[in-house]
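These notes concern the structure reproduced below.
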Amino acid sequence: MPLVKNGKVSGDAFVHVADDAEIPTDGAVLISAARFLADAEALSRRLGKTGVIWPNNRDVDDLVPYLDRLAVVALVFPTFRDGRAYSQARLLRERYHYRGELRATGQVLRDQFVFMLRAGFDAFEVKKDSDAEAFVSTVKRYSVFYQPTGDGRVTALHRRMQQRHSESAAQ
Amino acid sequence: MYAYDEIDRTLINERVSEFRDQVKRRLSGELTEDEFKMLRLQNGVYLQLHAYMFRVAIPYGTLSSNQLRRLAHVARRYDRGYGHFTTRQNIQFNWIKLAELPDALADLAEVGIHAMQTSGNNTRNVTSDQWAGVAPGEIEDPRIWSELLRQYTTLHPEFSFLPRKFKFAITASAHDRAAIKVHDIGLRLHKNAEGETGFEVLVGGGLGRTPFIGKTIRPYVAGRDLLSYVEAILRVYNQYGRRDNIYKARIKILVHELGIEKFAKEVEDEWQQMDKSDLTLDHAMVEEIRSRFSYPAYEKLPHMPDELKKAAHDSQFEAWRKNSVAPHKVTGYSIVTLSLKPIGGPPGDATADQMDAIADLADKYSFGEIRVGHEQNLALPHVAKRDLPVLWKALDKIGVATPNVNLVTDIIACPGLDYCSLANARSIPIAQELTHRFANHDTANMIGRLHINISGCINACGHHHVGHIGILGVEKNGEEFYQITIGGRADEHAEVGTLVGPAVPYADVADVVEDIVEAYLALRARPDELFVDTVKRLGVEPFRERVYATR
Amino acid sequence: MTSPLEQKKIKVTRPSVVTANRTWDGIVIYRTASKGWSADLSDAAIVRTSDDARALLAEAIADDVGAIGAYIAPVDIGSSGEIEPGNLREHIRSEGLTIGLPVPA
């Protein structure tokens, strides 16, 4: 399953460690939320980079105290139609100012890339190779956005108002 | 009329391009139906019994004449020459081919029409009062706020995959023509003591399997806080709405299960924590949207023009005028309802020819504007009274001047089993038969205002729960049966109707409705006591006795 | 007729066919005995047991590109072997609306 980061297919530096497997002392790992929380203090201070896979039916509040020590938070789309992770992503980015990698996992398909980017995801475990390859062209599909999210894209309303101001300034 | 600018048009075109690509990938097999279905629903494309159905958005029920002409074009070019106006101010085409949809959408995009989010688990068309902007006594035009909401909710990245569909309605009049109490979010525009515009916000209303009347979550949310407050509600719903059972996934179930106080607290907590700066609507932003709405340059016209005085002798014209013409907030003007409920016809349908003719009449007599009402009729909102006689003749010629607005033959019906794959029973032939039974206009006038709503299944697209008489198609042993309720209302006194008795077979429905009406005529306290008030006063029992005595 | 799209268990008690809608244009189609589709009910393969129905349905569902919404529908077999729709819903799908199309005034 290709990982797309910075707009291109890249290798995944992180190893998924199963709940019953030993967590290596260093190296980049992705572990489940339950496992992480059971030993959060210690795990968040491991030598290697640590990432947590957070389920979509649990508030992100419990993860917030550790965000500045996590390299990756992976959120889950069990099916692409289950949109809870979009809210989780926005909360992590915009309310809790999470700056690490925010990864979309689960059924991640081409036609949701733009929504995911706008919600704050910057890495994608993409289901299909063809979708991963089409990432760059897909995110160019839209240039107009009606509503603000934390992604910094100017909304249509603001663009119009900017236009108005520059028009009246030019007069 | 809201004028789409370059920015709005660009978005619609980007959406059409995206869908064209999605259809291509579906037809090539690159996308499975499981992956594609939600994408096509998000563009208003359903699979029905014998074809795809295409639902096009008419934001808050307002159309320009050019837009109506383009809908006629789509009906001719891609469909079978007609369209159906829905209870949510949209239009549906019933025979569209998936492969041709991108072209149909491109044709519509040229006049600023789209089908974004007319289906799917997202936020749907924000409906409003079809008399918005022209009704006397309206506080201010609710369509400004409908447009603000429309933009805010369109392709919202966080809320495009909700647990289930989400519907908004806004009213700015004391008499609610938008049925806000049966919407997921209902908004009643009003001003606070300081004269500032704001909204009473209701949540959790809805029909379907489990009808609920919406509850007030906040009596006043300032206009500037509307979007942030809505975002708080949607975020709570997106996270906590049920996803395990599609029949329990609407926000009304969440509100019911938590209770309104607990739900309100969740929303308040979220709202308090939110950084609202991006979503706060300052004066400049509201005015930016308001400035894009154009209003007619009304003339100064007399309250009683000569043309009207002269036409008063024509009893047919008078019958129509008294029934279909409503007062306008500007002296000398009126609001004209075009009945799409001809005797014997399928309710809410218009042919391409009719649409073109209405567009021409709108240009001549209504400043190029048409409205779509949730009772499945159209309206011309800016007609000078002096033009009423000549307009009437023209409307009558094209078959949209049946003087039955709000009467027993002004039936609201879903497409039913003739079209819809979800239906248990047919609704259109029931409506047709009922219009025949009550075809006599004097009889219909004597009966007075009476809303019959017919749904072919429990999904209640015909809004039968809130019909004065509600008819619901059910199935019994492979036969079509119908449950009949009375006493429902969709307005500011909204309530769900009560079952009159056991379900009756298809062949008996019209007889039962006639019996109910006869019972009402016998029981009403005065000729002007409305059916729905008689039911309220006496309850269901006297009706049940009379209707089911011999059944 | 309760939507057969909500069918969970497959239990065939009458002669039945598998029907769907053609993906590209949405028209009604019936699964034939030769692993194809026809718009004509008279070409449909008839199944009489639940196992045969399941097999035919699985075959139909596998054609995800060509057809959508496949399900099992009852039919009646006439005296000369002609296949008739088995309920009102299938009648409407096969014959069309029970009402006239809207006509201009």
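Details
- Taking the criterion of being charged (D, E, K, R) and within 7 Å of chain A (Cβ to nearest Cβ), the only residue of region B:148-167 that qualifies is B:158.
- No other residue among C:64, C:76, C:43 is more than 26 Å from residue B:35 (Cβ to Cβ), of a type in the set (D, E, K, R), modelled with pLDDT of 95 or more and buried (at least 17 other Cβ atoms within 10 Å of the Cβ) apart from C:43.
- Within region B:89-101, the set of residues being away from chain C (no Cβ under 12 Å) and either surrounded by fewer than 23 Cβ atoms within 10 Å (Cβ to Cβ) or assigned to a strand (DSSP E or B) (or both) comprises B:91, B:92.
- So residue A:105, is it in contact with a Phe, Trp or Tyr (Cβ under 8 Å, 6 or more places away or on another chain), more than 8 Å from every other protein chain (Cβ to nearest Cβ), hydroxyl-bearing (Ser, Thr, Tyr) and in a strand (DSSP E or B): yes
- When each of B:495, B:480, B:529 is tested for being under 27 Å from residue B:344 (Cβ atoms), among the acidic types (Asp, Glu) and surrounded by 15 or more Cβ atoms within 10 Å (Cβ to Cβ), the lone residue that passes is B:480.
- Matching residues, region B:363-375, being in contact with a His (Cβ under 9 Å, 6 or more places away or on another chain), surrounded by 24 or more Cβ atoms within 10 Å (Cβ to Cβ) and at pLDDT 95 or above: B:366
- The residue that is farthest from residue B:349 (Cα to Cα), counting only those in region B:51-78 that are within 14 Å of another protein chain (Cβ to nearest Cβ) and surrounded by fewer than 21 Cβ atoms within 10 Å (Cβ to Cβ), is B:78.
- Count of residues meeting criterion [of a type outside the set (Asp, Glu), surrounded by 16 or more Cβ atoms within 10 Å (Cβ to Cβ) and without any contact (Cβ under 8 Å) to a residue 24 or more places away in the chain] in region A:105-158: 8
- Which numbered condition residue B:107 fails, given (1) more than 11 Å from chain A (Cβ to nearest Cβ); (2) within 24 Å of residue B:414 (Cα to Cα); (3) out of contact with any strand residue (DSSP E or B) (no Cβ under 7 Å at 6 or more places or on another chain): (2)
- Single condition residue B:272 does not satisfy, out of (1) under 31 Å from the mean Cα position of the chain (by Cα); (2) closer than 30 Å to residue A:59 by Cβ; (3) of a type in the set (S, T, N, Q): (1)
- Condition check for residue A:64: β-branched (Val, Ile, Thr) and closer than 24 Å to residue B:270 by Cα: yes
- Residue match in region B:496-511 (condition: touching a His at 6+ places or on another chain (Cβ under 9 Å) and closer than 25 Å to residue B:182 by Cβ): yes
- Filtered residue count, region A:132-171, keeping only those that are facing chain B (nearest Cβ under 8 Å), in a loop (DSSP other than H, G, I, E, B) and hydrophobic (A, V, I, L, M, F, W, C): 2
- Of the residues making up region B:2-36, those that are among the small types (Gly, Ala, Ser) and more than 8 Å from chain A (Cβ to nearest Cβ) are B:3, B:28, B:29.
- Hits in region B:412-452 - residues which are more than 14 Å from chain C (Cβ to nearest Cβ) and either β-branched (Val, Ile, Thr) or part of a helix (DSSP H, G or I) (or both): B:412, B:437, B:441, B:442, B:443, B:444, B:445, B:446, B:447, B:452
The values are calculated or read from the model by the stated rules, or taken from the named source; none is laboratory data. These numbers were taken from a predicted model, which means no experiment stands behind them. FYI the Cβ positions are ideal-geometry reconstructions off the backbone, even for glycines, and counts take in every protein chain you see.
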